[in-house]
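Asker: Okay, here's the structure, questions in a sec.
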Amino acid sequence: SDIEKGTYPHFMLKEIDEQPFAMRKIINEYQNENNELKLDADVQMAMKAADRIYIIACGTSYHAGLVGKELIEKLASVPVEVHVASEFSYNIPLLSEKPLFVFISQSGETADSRAVLVKIKEMGYPALTITNVPGSTLSREADYTLNLYAGPEIAVASTKAYTAQIAVLAILAVDTAQAKGLKLDFDPMQELAIVANAMETLTDQKEAMEELVTNYLQAARNAFFIGRSADYHVCMEGALKLKEISYIQAEGFAGGELKHGTIALIEEGTPIIALATQPDVNYAIRGNVQEVIARGANAMIISMKSLEQDTDAFVLPQVHDLLTPLVSVVPLQLLAYYAALHRGCDIDKPRNLAKSVTVE
Ligand code: G6P
């Protein structure tokens, strides 16, 4: 059945490997017979009518929302705010005149997100849920649903749902741009197909990842992920993965913010994983890496092919600048996986965590 591990030692590894297939499934599900991008007319109208999008989510889905904000703002020119559900509930920001709420939830059952949905429905606002579980509570109670088509995700630490969420948000952004008559030189289906192939290249490089991690994180007390722009958001997700399953204290930081405090934590040998996928901040993030190396850090750079330098630890196959999170997250997922594996952790069922949290 769909939810057996087969030859895999853990669901998490299986689900990391399923990401290229999930991308291809999304491409198929969201295009018509003429290979044109196609969303429900209702969703398109709701997006077009909104003067501001409020993305509400928790955990990994929140991190996907941060990437989604950039996609929707850059492609569709609609302002987007991203909120942690449990914060939004108790501290509702000043809302725009015509908000549309977008709930991102793998399970569709997260109580913190549902509390916001109930509240904004009482206030009379429209809601769209992006979920991996059709028929889930958040899907039923929202006006509209977009499915992730990632297949069941069993491991507590979310992997393929994160990349599926970003892919669907990219499609939503382009659909909205088209509805608004904006001209784009970005074909999401073509670019996502390139992403699927890139992901496959990366999941074929597991051994290289395992080797990298064994020396690097085996004895680590803590680890920091640094990046700028889109890379910063992926760093937050990379750090969350590492925390969740290996119990190594980890944080994702904005490269430029290091000097304003965090750099005080750097000691001899502190592992720093830097992402360099964005041309416009490539020089700046590499400067940050030099700063931490000068203070004794054990830094590794994961870069995009077009920005590759000799000393980079790992190079990602080239994808469109807007979609780099879909590939840069894969080595970070594998890094967390192998770190946890070599530390003997219970990868699919980490302590204190639940797959879906149905209490506020
Ligand atoms: C739990 C899980 C996380 C997940 C979060 C949100 O905390 O352990 O992996 O990201 O809930 O879940 P959702 O189903 O709403 O995406």
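Read-outs: derived from the displayed coordinates by stated rules, not from any lab. The model shown is predicted, which means the values in this text are computed figures rather than measured ones. Ideal geometry is used to build each Cβ from the backbone, glycine not excepted, and the neighbour counts take in all protein chains shown.
Asker: Tell me which of these G59 doesn't satisfy, since it passes every other one: (1) over 21 Å from the mean Cα position of the chain (by Cα); (2) within 16 Å of the ligand (Cβ to nearest atom); (3) on the phi > 0 side of the Ramachandran plot.
Answerer: Answer for G59: the failing condition is (1).
Asker: Determine whether S61 is crowded, with 19+ Cβ neighbours inside 10 Å, touching a residue at least 40 places away in the same chain (Cβ under 8 Å) and polar (S, T, N, Q).
Answerer: Values: crowded, with 19+ Cβ neighbours inside 10 Å: yes; touching a residue at least 40 places away in the same chain (Cβ under 8 Å): yes; polar (S, T, N, Q): yes.
So S61 fits the description; yes.
Asker: Taking Q165, is it buried (at least 22 other Cβ atoms within 10 Å of the Cβ), under 20 Å from V78 (Cβ atoms) and touching a residue at least 12 places away in the same chain (Cβ under 8 Å)?
Answerer: It is true that Q165 is buried (at least 22 other Cβ atoms within 10 Å of the Cβ), under 20 Å from V78 (Cβ atoms) and touching a residue at least 12 places away in the same chain (Cβ under 8 Å).
Asker: Could you check Q165 against (1) within 18 Å of I27 (Cα to Cα); (2) touching a strand residue (DSSP E or B) at 6+ places or on another chain (Cβ under 7 Å); (3) part of a loop (DSSP other than H, G, I, E, B) and say which number it fails?
Answerer: Here Q165 clears every test but (3).
Asker: Additional query: Only one of (1) more than 16 Å from the ligand (Cβ to nearest atom); (2) surrounded by 18 or more Cβ atoms within 10 Å (Cβ to Cβ) fails for E15. Which number is that?
Answerer: Of (1) more than 16 Å from the ligand (Cβ to nearest atom); (2) surrounded by 18 or more Cβ atoms within 10 Å (Cβ to Cβ), only one is false for E15: (1).
Asker: Another one. Let me spell it out: the conditions are (1) within 14 Å of the chain's Cα centre (by Cα); (2) more than 18 Å from I302 (Cα to Cα), and M236 meets all of them except one. Which number is the exception?
Answerer: The single condition M236 does not satisfy is (2).
Asker: Further, regarding this structure: Go through the stretch 122-170 residue by residue and tally those that are away from the ligand (no atom under 14 Å from the Cβ) and touching a Lys or Arg at 6+ places or on another chain (Cβ under 6 Å).
Answerer: The total comes to 1.
Asker: Residue by residue through the stretch 285-304, note down the ones that are hydrophobic (A, V, I, L, M, F, W, C) and closer than 16 Å to G252 by Cα. Break it down stepwise before answering.
Answerer: At the first step, the residues of the stretch 285-304 found to be hydrophobic (A, V, I, L, M, F, W, C) are 285, 289, 292-294, 297, 299-302, 304.
Listed by number, the residues that qualify are I285, V289, V292, A297, A299, M300, I301, I302.
Asker: Tell me, yes or no, whether the stretch 268-280 has at least one residue that is crowded, with 19+ Cβ neighbours inside 10 Å, outside any loop (DSSP other than H, G, I, E, B), within 16 Å of the ligand (Cβ to nearest atom) and of a type in the set (G, A, S).
Answerer: As a first pass, look at the stretch 268-280 and keep what is crowded, with 19+ Cβ neighbours inside 10 Å: 271-278.
Of the ones still in play, those that are also outside any loop (DSSP other than H, G, I, E, B) are 271-276.
Cutting the leftovers down to within 16 Å of the ligand (Cβ to nearest atom) gives us none.
The answer is no; no qualifying residue exists.
One line per residue, one yes/no per condition, for (1) in contact with a helix residue (DSSP H, G or I) (Cβ under 6 Å, 6 or more places away or on another chain); (2) among the hydroxyl-bearing types (S, T, Y):
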{"position": "R24", "(1), (2)": "yes, no"}
{"position": "E33", "(1), (2)": "no, no"}
{"position": "V43", "(1), (2)": "no, no"}
{"position": "G59", "(1), (2)": "no, no"}
{"position": "Y62", "(1), (2)": "no, yes"}
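Asker: Would you mind finding the one in G238, G255 that is within 24 Å of V82 (Cβ to Cβ) and within 16 Å of the ligand (Cβ to nearest atom)?
Answerer: G238
Asker: Filter the stretch 319-360 down to residues that are over 18 Å from the mean Cα position of the chain (by Cα), more than 16 Å from the ligand (Cβ to nearest atom) and part of a loop (DSSP other than H, G, I, E, B) and give me whichever is surrounded by the most Cβ atoms within 10 Å (Cβ to Cβ).
Answerer: R343
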